[in-house]
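The values are calculated or read from the model by the stated rules, or taken from the named source; none is laboratory data. The model shown is predicted, which means the values in this text are computed figures rather than measured ones. Positions of Cβ are generated from backbone atoms using ideal geometry, with glycine treated the same way; all protein chains shown enter the neighbour counts.
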Amino acid sequence: MITDLPDGLRESGAVEVRKKLGTISGGDILDVGTEEGDFINTLMKTLLDYNSFTGIDISKDELKKAREQLKDAPVIFKVMNAEMMTFQDNQFDTVCASYAIHHLENIDTVLTEMYRVLKPGGNFIIQEMYSDGEQTAAQLVDRGVHNLNAKIDSLLGIPHFEALTRQRLKSSINKVGLSAVEIYESSWAVRCLFCKDAHDCEKPLRTDNVDFVTKEIDDDLTRIFDHQSYDELKKEGDSLKERVKVAGSSAASVMYFFGKK
């Protein structure tokens with residue numbers, strides 16, 4: 001963990017979440033919707049201890065990136081649909097998902113599957129962005145860029161949806177049947193505690209950040225240049241590019257759920 005935390009990160013709630021993770025013995029861990037393996041990397045740095053990780057994702061391309069990032073770590077990667085996992089009941093000591101819920105067409109089905117493969121007494125961990133609450137103008141720009149990306153992905157047949165509200169997230173988790181549920185909120189993610197660029201992120205209007213977000217919007221729009229919705233979404237993208245010049249962009253706030261089976 002970096003020793004000289006910027007004020008915003010130190011006061012965000014991320015430190016409290018990191019302390020909570022530091023009390024958990026992970027055992028054999030399943031990470032659902034692992035994408036590039038970022039959450040596995042974070043858990044390796046924060047958990048009290050662990051035995052192994054299994055990361056699943058429906059995308060072969062994402063898992064290829066994850067294998068490269070974690071090539072020397074004790075991780076098994078599998079291409080798998082989280083709605084129909086091939087694992088046995090009660091197989092894992094910990095199941096988790098990070099920034100995956102807003103990519104799911106059937107949230108309740110996936111959460112039920114995660115519960116099924118978790119051992120009795122095991123740890124259930126969710127990290128997910130949310131759309132409401134008191135967020136800064138820079139965070140609202142990030143939300144807008146995410147929502148534009150979700151619309152474009154959906155037009156191309158890629159499951160991707162707007163971030164849920166805090167209440168909607170709580171309702172989904174409550175259906176699972178967990179015990180001892182603890183909920184944390186943070187304006188920064190736990191991974192930021194280990195990022196050498198954390199101080200730069202307190203400056204959402206810095207030139208490289210504005211340029212990066214502007215390019216991200218342009219690249220997204222290029223993907224649907226020939227689509228009938230291009231003109232409409234281009235107007236949305238142009239509006240976001242003007243907003244990022246004024247407010248900059250910062251990652252949306254995050255909820256963390258910890259529960260037991």
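For the reader, a short list of remarks on this structure follows.
Residue-wise test of (1) of a type in the set (D, E, K, R); (2) surrounded by 17 or more Cβ atoms within 10 Å (Cβ to Cβ); (3) touching a strand residue (DSSP E or B) at 6+ places or on another chain (Cβ under 6 Å).
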position: VAL110; (1), (2), (3): no, yes, no
position: ASN123; (1), (2), (3): no, yes, yes
position: GLY133; (1), (2), (3): no, no, no
position: ASP142; (1), (2), (3): yes, yes, no
position: GLY157; (1), (2), (3): no, no, no
position: THR165; (1), (2), (3): no, no, no
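- Filter result (more than 21 Å from LEU111 (Cα to Cα), in a loop (DSSP other than H, G, I, E, B) and of a type in the set (A, V, I, L, M)) within the range 135-193: LEU156, ALA189
- Residue count for the range 206-220 under the criterion of being over 12 Å from SER250 (Cβ atoms), in contact (Cβ under 8 Å) with a residue 12 or more places away in the chain and out of contact with any Lys or Arg (no Cβ under 7 Å at 6 or more places or on another chain): the result is 3.
- If you check GLU202, GLU185 for being under 15 Å from the mean Cα position of the chain (by Cα), within 27 Å of ILE126 (Cβ to Cβ) and surrounded by fewer than 17 Cβ atoms within 10 Å (Cβ to Cβ), only one passes: GLU185.
- Any strands (runs of 3 or more DSSP E) falling wholly within the range 1-88 and containing at least 2 residues that are in contact with an Asp or Glu (Cβ under 7 Å, 6 or more places away or on another chain) and small (Gly, Ala, Ser): 52-57
- On the stretch given as the range 216-261, residues that are of a type in the set (D, E, K, R) and either closer than 13 Å to ASN149 by Cβ or not in a helix (DSSP H, G or I) (or both) total 9.
- Single residue of SER229, SER179 found to be in contact with a Leu (Cβ under 7 Å, 6 or more places away or on another chain), of a type in the set (S, T, N, Q) and touching a residue at least 24 places away in the same chain (Cβ under 8 Å): SER229
- ALA97 at pLDDT below 95 and either outside any helix (DSSP H, G or I) or not hydrophobic (A, V, I, L, M, F, W, C) (or both): no
- Residue that is surrounded by 14 or more Cβ atoms within 10 Å (Cβ to Cβ), of a type in the set (Gly, Ala, Ser), touching a strand residue (DSSP E or B) at 6+ places or on another chain (Cβ under 8 Å) and modelled with pLDDT under 95, where the choices are GLY55, GLY37, GLY27, GLY8: GLY37
- In the range 194-209, the residues that are within 22 Å of ALA247 (Cβ to Cβ) and outside any helix (DSSP H, G or I): CYS195, ASP197, ALA198, HIS199, LYS203, PRO204, LEU205, ARG206
- Check on GLU83, surrounded by 19 or more Cβ atoms within 10 Å (Cβ to Cβ), of a type outside the set (A, V, I, L, M, F, W, C) and modelled with pLDDT of 95 or more: no
- Subset of the range 206-228 (residues that are surrounded by 13 or more Cβ atoms within 10 Å (Cβ to Cβ) and either more than 22 Å from LEU140 (Cα to Cα) or in contact with a helix residue (DSSP H, G or I) (Cβ under 7 Å, 6 or more places away or on another chain) (or both)): ARG206, VAL210, VAL213, THR214, GLU216, ILE217, ASP220, LEU221, ARG223, ILE224, HIS227
- Selection count, the range 31-54, where residues are under 14 Å from the mean Cα position of the chain (by Cα) and either on the phi > 0 side of the Ramachandran plot or not β-branched (Val, Ile, Thr) (or both): 9
- Looking across GLY177, GLY237, GLY248, one residue alone is buried (at least 19 other Cβ atoms within 10 Å of the Cβ), more than 30 Å from LYS60 (Cα to Cα) and more than 19 Å from the chain's Cα centre (by Cα). It is GLY248.
- Matching entry among LEU104, LEU148 (being more than 16 Å from ASP38 (Cα to Cα) and in contact with a Leu (Cβ under 7 Å, 6 or more places away or on another chain)): LEU148
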